[in-house]
């Protein structure tokens, strides 16, 4: 790190990192030292003490939970990496266990679509084939969804809910090929996607409180009769007052002040196809 010029009006000194370039084999590793500023002193004192000494904390500071265990309140770790809060999503303690998905005995029925595969396409479809037992193992091992590496690997060759409408409305061969190439490319997380992931636990807990239902995590679902299609519902819901006690839930967290400002959730067919 390097120290920039001191502001004469405030006495504060800016610190910037110099470790911005890659290191060549012939060079020595970067030597970083943490520097602190003494605001109340007239002259800036350069030191290389541990970062914790810059926080002006002592042993009397109370301890709070973090991912790494107990840390002092007010420290960087306590608010950057707080302990994971367990959401209250199961108000009904006597509820039955959620069903194993895909359901046993549920059949999709014969398809009206007729298509003659090439040899390469036939081998690809055979590579996607799975059994009900394997589908259950996949669903159980991918309940963390986007936080799970296996979840990303499994959904890449499949037609998933988020792209279902776009695929159904592709007509020209060239458009279909371009769409396939785009879907196979790695996706990048946008700011809205990141916000949705951060808000989802809060939305689930609020939904369970408002509707008096239980929520259970759900993994990547593949039916053996259509292994090229898959879906990742946001959870299984138990509602003792519903016509069917068990159901699925899909969480949407639009970046608006009120749901009144996003009427497209009700009328946009893109959302309908995701829920089919």
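Taking the criterion of being in contact with a helix residue (DSSP H, G or I) (Cβ under 6 Å, 6 or more places away or on another chain) and at positive phi, would at least one residue in segment 127-144 satisfy it? Looking through segment 127-144, none of the residues is in contact with a helix residue (DSSP H, G or I) (Cβ under 6 Å, 6 or more places away or on another chain) and at positive phi. Entry remark, segment 80-90: residues being surrounded by 13 or more Cβ atoms within 10 Å (Cβ to Cβ) and in contact (Cβ under 8 Å) with a residue 40 or more places away in the chain number 3 in total.
One line per residue, one yes/no per condition, for (1) in a helix (DSSP H, G or I); (2) over 22 Å from the mean Cα position of the chain (by Cα):
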residue	(1), (2)
87	no, no
91	no, yes
94	no, yes
97	no, yes
100	no, yes
107	no, yes
114	no, yes
117	no, yes
122	yes, yes
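Residue by residue, here is whether (1) closer than 26 Å to residue 198 by Cα; (2) surrounded by 14 or more Cβ atoms within 10 Å (Cβ to Cβ); (3) without any contact (Cβ under 8 Å) to a residue 24 or more places away in the chain holds:
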position	(1), (2), (3)
73	yes, no, yes
78	yes, yes, yes
96	no, no, no
102	no, yes, no
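Selection of segment 114-147 for residues being exposed (fewer than 10 other Cβ atoms within 10 Å of the Cβ) and modelled with pLDDT of 95 or more yields only 133.
The values are calculated or read from the model by the stated rules, or taken from the named source; none is laboratory data. As the structure is a computational prediction, the values presented were derived from the model and not from experiment. Don't worry about glycine lacking a Cβ; one is built from the backbone with ideal geometry, like all the others, and counts go over all protein chains shown.
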